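See structure below.
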Amino acid sequence: MAILNSKIPEGQLSEKWINYKDKQDLVNPANKRKLDIIVVGTGLAGAAAAASFGELGFNVKALCYQDSARRAHSIAAQGGINAAKNYPNDGDSIYRLFYDTVKGGDYRSREANVYRLAEVSNQIIDQCVAQGVPFARDYGGLLDNRSFGGALVSRTFYARGQTGQQLLLGAYSALGRQVQKGTVKMYPRTELMDIVVIDGRARGVVVRNLVTGEIESHFGHAVVLGTGGYGNVFFLSTNAMGSNGSAAWKAYKKGAFFGNPSFVQIHPTCIPVHGEFQSKLTLMSESLRNDGRIWVPKHKADAEKIRAEQLRPEDLSEENRDYYLERRYPAFGNLVPRDVASRAAKERCDAGFGVETGKAVYLDFKHAIERLGRDTIEARYGNLFQMYEKITDQNPYETPMMIYPAIHYTMGGLWVDYELQTTIPGLFAAGEANFSDHGANRLGASALMQGLADGYFVLPYTIQNYLADQINVPRISTDNKAFKDAEQSIKAQLKKLMDIKGKQSVDSLHKKLGLAMWDYVGMARNAEGLKKGIAKIKEIREEFWKDVRIPGNTDTINLELEKANRLADFLEMGELMARDALNREESCGGHYREEFKTPEGEALRNDKNFMYVAAWEHKEKGDPKLHKEPLVYENIEVKQRNYK
Amino acid sequence: MSESKKGLNLTLKVWRQDSAKAKGRFESYDVPNISPDSSFLEMMDVLNEQLINKGKAPVAFDHDCREGICGMCSLYINGRAHGPDDDITTCQLHMRKFEDGETITIEPWRSNGFPVIKDLIVDRTAFDQILEAGGFVSISTGGIPDANAIPIPKEDADEAMDAASCIGCGACVATCKNSSAMLFVSAKVSQLALLPQGKVEASRRARAMVAKMDELGFGNCTNTGACEVECPKGISVSHIARLNREFLCASLKQ
């Protein structure tokens with residue numbers, strides 16, 4: 001077990017981060033100029049880190065696959081960002097935010113990391129306001145808050161339904177300021193192809209220029225991955241079309257351990273699937289659950305009539321509606337955490353109470369509009385209602401919205417220690433790309449908090465502790481054999497892909513993988529299904545390598561080739577996710593094994609045998625090896641989660 | 001909806017261009033039986049699947065989030081940026097806005113500031129360069145006063161938010177007969193000028209961003225207001241007035 005050293009600092013929980021910062025090594029200003037850092041991904045974590053490194057005086061290269069850093073998928077986060085400011089005077093504190101996050105994560109996250117997250121949360125809000133982020137305010141001119149799932153306080157700051165956009169544009173503006181100063185060089189339309197490890201340390205990356213197709217190498221004294229999650233392994237998800245897990249997967253294959261790959265968040269409020277040609281799923285922000293009430297018909301006969309379009313939902317009387325979240329969880333009601341809300345929706349639909357295609361439930365604003373008036377609802381959620389109407393052609397002010405759970409976020413990711421360093425020295429992972437803070441279920445409005453915490457307030461410290469003894473390491477030429485070998489193997493892989501010249505498009509194969517993942521590694525899992533899933537994934541992988549068709553060349557923009565590269569990794573990653581789910585013989589958070597549940601159907605943990613982080617090590621030959629990082633809770637009483 | 005809607009049979013006239021230097025041309029494709037409930041880009045996916053199956057090169061176009069916020073999609077459809085609907089991006093446009101049998105013309109953004117690099121994909125790095133010139137508040141991470149230290153009137157914060165909703169897609173430039181980037185520039189200048197945090201360097205910012213915009217070959221604003229009409233986020237031309245005010249103040253101070 002000694003192989004996994006989480007490097008949690010000594011001392012009381014509330015003093016660990018202070019102690020760490022007091023004692024860590026720093027790099028003096030003159031030496032910072034001599035050190036190169038590569039940042040992959042320009043979402044909240046990546047952009048915030050790259051900008052902050054640049055401000056400190058490091059030489060930074062930042063790359064993203066999009067045409068501009070501003071388009072990273074953090075931009076799509078709608079609802080808000082948590083912080084323990086306690087501005088509403090409703091009893092919030094750093095400890096309570098820490099407690100809610102650990103509990104919400106079903107006791108599968110690392111105490112010290114989560115506490116630090118809660119601790120720096122307040123600075124994030126200060127930072128963003130100073131950048132000119134136009135958070136919502138009340139008439140007194142002070143910041144407004146709303147509530148999110150899994151909390152009894154209002155601690156979520158927001159900018160209409162576009163909080164992620166505003167926070168990312170803040171980070172992007174800080175990044176732009178450094179680009180102009182020359183401390184950061186941007187590489188847009190650039191995809192990471194491999195990480196170069198020399199003498200056991202991460203020393204750079206090999207990338208593909210997505211416009212010219214050129215394969216290029218870049219040296220770095222350290223490499224930071226802020227590359228997001230791997231939800232697109234399911235094909236349909238709320239992720240952007242280009243979101244992918246390849247950077248993390250390359251790191252895994254170079255020796256970085258992968259933490260809890262099976263922990264995937266299924267978001268309860270997404271617009272339901274409408275057809276086979278569907279390319280992605282659209283989220284309706286969790287903030288809607290502040291005012292919307294979720295229900296299905298109380299009687300199957302009514303559900304059938306609604307599905308047959310013989311009855312309209314707005315005509316169904318109150319006593320014939322089942323507000324099942326309020327019924328099952330009176331304390332939290334519609335604001336239970338996401339995993340609980342998703343499972344409850346699936347349970348009702350599986351039992352025959354679903355509407356539309358049978359895979360949808362209602363999110364109704366009738367009472368909120370009666371109580372607050374249409375104008376207030378429009379001010380709060382106008383852009384979301386507009387988005388819903390554009391997609392579905394239905395007016396949610398008049399008829400209830402329809403929603404269903406969809407893949408949204410991956411809690412799993414590269415295993416990192418307290419310093420956010422992976423098991424490869426010099427390789428760091430931040431934001432959704434790491435596994436560290438959300439356990440088995442992330443609370444709403446915590447992804448933005450974590451991305452910015454890692455980027456602005458954690459990495460700028462911890463990376464110095466690593467770089468302090470690297471100041472005498474000269475820049476390694478990219479003519480070095482390690483770089484050249486990596487370039488050669490990438491070129492060979494691209495050629496291999498192009499030469500298959502099979503019959504099936506990348507998307508059609510990706511859809512097959514997505515279906516297998518949803519059926520066997522989705523919302524409800526069991527041992528038999530997971531084994532079937534593993535076999536099925538292998539089958540599709542073989543099919544891919546025999547029969548994929550990629551038109552065009554490698555030396556120009558080739559979107560099919562980009563997708564094929566990403567799918568090749570998803571086809572391996574899906575298998576590791578299933579293995580991890582099979583190994584974890586318990587239900588916790590978003591990971592629900594049908595064999596392990598309470599009599600009421602709630603997730604049943606097995607703390608005796610599974611209170612650990614599953615960190616998987618890649619093996620060139622044979623099965624991946626499981627390492628366990630035991631989770632120790634000294635500052636929080638471990639309980640069965642209860643939202644009743 | 002569960003009632004079976006009749007599929008649309010469409011003809012697409014699509015701009016094809018192999019590279020930045022190559023000469024472009026229109027090509028026509030028939031796409032049968034498109035569901036009116038599918039999005040425009042899903043229709044493009046169907047076209048590409050069809051082309052791939054025939055062994056032809058699929059049409060390259062930019063897209064990413066497909067929910068109207070990343071600003072990556074950028075099609076000029078039947079002579080309108082983001083197509084025939086208001087307040088949306090191309091990815092939010094749905095096929096129910098089209099008629100069976102219709103011919104749809106699909107082009108890239110056309111502007112000197114945004115050169116075409118392949119088919120429907122243009123290079124918009126000019127927008128990044130404009131923002132790098134001054135679209136920020138000059139503060140570094142840390143050492144910041146409490147977020148509530150300076151109250152900001154709600155009206156100002158709301159108006160700043162209106163301006164800040166710009167997604168940087170470039171529809172304003174594509175629509176403007178002068179290829180002006182004034183709506184884009186003014187949205188950022190206005191957002192930051194409205195907030196006390198950004199007010200400090202408002203003049204310098206306006207000057208720097210306008211100078212960069214001119215340098216990169218975008219045209220002048222002649223107040224036709226076409227940009228406002230096509231902006232997917234409904235950003236108002238009143239921000240251009242604020243930009244002009246800031247710019248004038250900056251010029252007078254010089």
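Can you tell me which residue is nearest to the chain's Cα centre (by Cα) among those in region A:28-45 that are under 13 Å from residue A:187 (Cα atoms) and not in a loop (DSSP other than H, G, I, E, B)? I'd like the intermediate steps shown before the answer.
Looking only at region A:28-45, we keep the residues that are under 13 Å from residue A:187 (Cα atoms), and these are A:38-42.
Filter again for not in a loop (DSSP other than H, G, I, E, B), leaving A:38-40.
Details: A:38: 21, A:39: 18, A:40: 16 Å.
Here the residue is A:40.
Whether any residue in region A:187-209 is under 30 Å from residue B:194 (Cα atoms), among the hydrophobic types (A, V, I, L, M, F, W, C) and more than 9 Å from chain B (Cβ to nearest Cβ) is what I want to check.
Looking only at region A:187-209, we keep the residues that are under 30 Å from residue B:194 (Cα atoms), and these are none.
Checked against the condition, which is being under 30 Å from residue B:194 (Cα atoms), among the hydrophobic types (A, V, I, L, M, F, W, C) and more than 9 Å from chain B (Cβ to nearest Cβ), region A:187-209 yields no hits at all.
I want to confirm something. Restricting to region A:115-152 and keeping residues that are in a loop (DSSP other than H, G, I, E, B) and more than 22 Å from residue A:290 (Cβ to Cβ), which single residue is nearest to the other protein chains (Cβ to nearest Cβ)?
Step by step, filter region A:115-152, then rank; the result is A:141.
Pull up region B:169-215, narrow it to residues that are in a loop (DSSP other than H, G, I, E, B), crowded, with 24+ Cβ neighbours inside 10 Å and within 11 Å of the chain's Cα centre (by Cα), then point me to the one that is farthest from the other protein chains (Cβ to nearest Cβ).
Checking each candidate, the answer is B:181.
Within region A:268-283, does at least one residue satisfy the condition of being modelled with pLDDT of 90 or more and either more than 25 Å from residue B:45 (Cα to Cα) or over 22 Å from the mean Cα position of the chain (by Cα) (or both)?
Looking for residues that are modelled with pLDDT of 90 or more and either more than 25 Å from residue B:45 (Cα to Cα) or over 22 Å from the mean Cα position of the chain (by Cα) (or both), one finds at least one in region A:268-283, hence yes.
Identify, please: which residue in region A:276-330 is surrounded by fewer than 15 Cβ atoms within 10 Å (Cβ to Cβ) and within 14 Å of chain B (Cβ to nearest Cβ) and is, among those, nearest to residue A:507 (Cα to Cα)? Break it down into steps so the answer makes sense when it comes.
Filtering region A:276-330 for residues surrounded by fewer than 15 Cβ atoms within 10 Å (Cβ to Cβ) gives A:276, A:299-301, A:308-310, A:312, A:314-315, A:317-320, A:327, A:330.
Subset that is within 14 Å of chain B (Cβ to nearest Cβ): A:276, A:308-310, A:312.
Details: A:276: 12, A:308: 32, A:309: 33, A:310: 37, A:312: 36 Å.
Among them, the one singled out is A:276.
Out of all the residues in region A:48-71, is one or more within 24 Å of residue A:281 (Cβ to Cβ), under 15 Å from the mean Cα position of the chain (by Cα) and in a helix (DSSP H, G or I)?
No, every residue in region A:48-71 fails to be within 24 Å of residue A:281 (Cβ to Cβ), under 15 Å from the mean Cα position of the chain (by Cα) and in a helix (DSSP H, G or I).
Name the residues in region A:386-403 that are buried (at least 22 other Cβ atoms within 10 Å of the Cβ), in a helix (DSSP H, G or I) and of a type in the set (A, V, I, L, M), would you?
A:387
Answer yes or no as to whether residue B:177 is farther than 20 Å from residue A:164 by Cα, in contact with a helix residue (DSSP H, G or I) (Cβ under 8 Å, 6 or more places away or on another chain) and among the basic types (Lys, Arg). First the steps, then the outcome.
Numbers: farther than 20 Å from residue A:164 by Cα: yes; in contact with a helix residue (DSSP H, G or I) (Cβ under 8 Å, 6 or more places away or on another chain): yes; among the basic types (Lys, Arg): yes.
It is true that residue B:177 is farther than 20 Å from residue A:164 by Cα, in contact with a helix residue (DSSP H, G or I) (Cβ under 8 Å, 6 or more places away or on another chain) and among the basic types (Lys, Arg).
Could you list all residues from region B:85-118 that are in a loop (DSSP other than H, G, I, E, B), within 13 Å of chain A (Cβ to nearest Cβ) and surrounded by fewer than 23 Cβ atoms within 10 Å (Cβ to Cβ)?
Result: B:85, B:86, B:87, B:88, B:115.
Checking residue A:406 against (1) under 30 Å from residue A:254 (Cβ atoms); (2) of a type in the set (A, V, I, L, M, F, W, C); (3) assigned to a strand (DSSP E or B): exactly one of these is not met. Which one?
Only one criterion in (1) under 30 Å from residue A:254 (Cβ atoms); (2) of a type in the set (A, V, I, L, M, F, W, C); (3) assigned to a strand (DSSP E or B) is unmet by residue A:406, namely (1).
Test residue B:32 against the stated conditions and say whether it is more than 7 Å from every other protein chain (Cβ to nearest Cβ) and modelled with pLDDT of 95 or more.
Details: more than 7 Å from every other protein chain (Cβ to nearest Cβ): yes; modelled with pLDDT of 95 or more: yes.
The answer is yes for residue B:32.
Quick one: residue A:511 ticks every box in (1) assigned to a helix (DSSP H, G or I); (2) modelled with pLDDT under 95 bar one, so which box is it?
Only one criterion is unmet by residue A:511, namely (2).
Does any residue of region B:126-142 turn out to be more than 19 Å from residue B:212 (Cβ to Cβ), within 15 Å of the chain's Cα centre (by Cα), surrounded by 22 or more Cβ atoms within 10 Å (Cβ to Cβ) and more than 10 Å from chain A (Cβ to nearest Cβ)? So that I can check it myself, show each step before the final result.
The initial filter retains those residues of region B:126-142 that are more than 19 Å from residue B:212 (Cβ to Cβ), namely B:139-142.
Among the residues that remain, those that are also within 15 Å of the chain's Cα centre (by Cα) are: none.
Looking for residues that are more than 19 Å from residue B:212 (Cβ to Cβ), within 15 Å of the chain's Cα centre (by Cα), surrounded by 22 or more Cβ atoms within 10 Å (Cβ to Cβ) and more than 10 Å from chain A (Cβ to nearest Cβ), one finds none in region B:126-142, hence no.
Cβ-Cβ under 7 Å, sequence separation 6+ or interchain: first residue in region A:57-77 and more than 7 Å from chain B (Cβ to nearest Cβ), partner among the hydroxyl-bearing types (Ser, Thr, Tyr) and crowded, with 24+ Cβ neighbours inside 10 Å. Which pairs?
A:62/A:42; A:64/A:42; A:69/A:42; A:69/A:172; A:72/A:42; A:77/A:163
The values are calculated or read from the model by the stated rules, or taken from the named source; none is laboratory data. From a predicted model like this one, the values you see are computed outputs, not experimental measurements. Glycine gets a Cβ as well: all are built from the backbone with ideal geometry, and neighbour counts include every protein chain shown.
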